[in-house]
Amino acid sequence: MQLVVARIGRAHGIKGEVTVEVRTDEPELRLGPGAVLATEPATVGPLTIETGRVHSGRLLLRFEGVRDRTAAEALRNTLLIADVDPEQMPEEPDEYYDHQLMDLDVVLADGTEIGRITEISHLPSQDLFIVERPDGSEVMIPFVEEIVTGIDLEEQRAVIDPPPGLIDDSEAEIASSRDAETRAAEDEN
């Protein structure tokens with residue numbers, strides 16, 4: 001199975017290094033020296049990582065055969081793709097690869113069906129499940145311990161305990177009495 005593990009950013013310096021946007025929880029495993037990665041577009045690769053280092057909080061990579069800024073800049077926005085054994089599990093017990101979560105049924109603790117995970121969005125603050133509901137609409141579920149209470153890969157389901165209003169707008173609660181007073185005043189006008 002192939003997974004996107006990074007996206008190449010801009011060139012760094014004049015010796016062929018590039019910044020990368022890491023898209024894996026295991027960069028030391030997937031983006032280490034000697035790793036051979038497929039690319040999208042495929043015509044650019046495969047690329048072999050020669051060196052890697054962290055500079056000012058960003059991962060910098062140099063690939064074999066890329067020796068100057070022009071060659072490095074030509075790689076910008078290329079996706080780096082690693083071959084991963086689909087049976088392989090992350091090191092931490094509460095971690096999952098995206099492909100393991102895709103198409104899981106999303107249910108409430110009582111078994112009520114919410115939908116199916118169709119996409120996972122990786123944001124700086126947290127990950128989101130994009131869940132397609134039976135009626136075709138979508139709902140975003142933050143992948144945080146307080147809401148996603150269980151992942152059962154054998155049963156192919158994710159159990160959630162959503163706060164009021166996350167799944168159904170009619171269940172939304174007013175945040176404070178001031179908000180209620182403001183809405184009441186607006187309704188009178």
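How large is the translational diffusion coefficient of the range 1-130 in µm² per second when you combine the Kirkwood radius over alpha carbon pairs with Stokes-Einstein at 10 °C and 1.306 mPa s?
98 µm²/s
Give me the extension gain from Val36 to Asp98: residue separation times 0.36 nm, minus the current Cα-Cα distance, reported in nm with one decimal.
The Val36-Asp98 span can extend by a further 20.2 nm.
Please work out how much length the chain gains when fully extended from Glu155 to His122, using 0.36 nm per residue of separation minus the C-alpha to C-alpha distance, in nm with one decimal.
9.4 nm
What FRET efficiency would be calculated for the residue pair Ala71, Val22, taking the C-beta separation as r and a Förster radius of 25 Å, to the nearest 0.05?
0.70
Report relative contact order for the range 12-70 in percent, whole number only (criteria: Cα-Cα under 8 Å, sequence separation at least 6).
Relative contact order comes out at 43 percent.
Throughout, read-outs are computed from the coordinates displayed, never taken from laboratory work. No experiment lies behind these values; they were computed from the predicted model shown. Because the Cβ atoms are built from the backbone with ideal geometry, glycine has one as well, and the counts that use them run over all protein chains shown.
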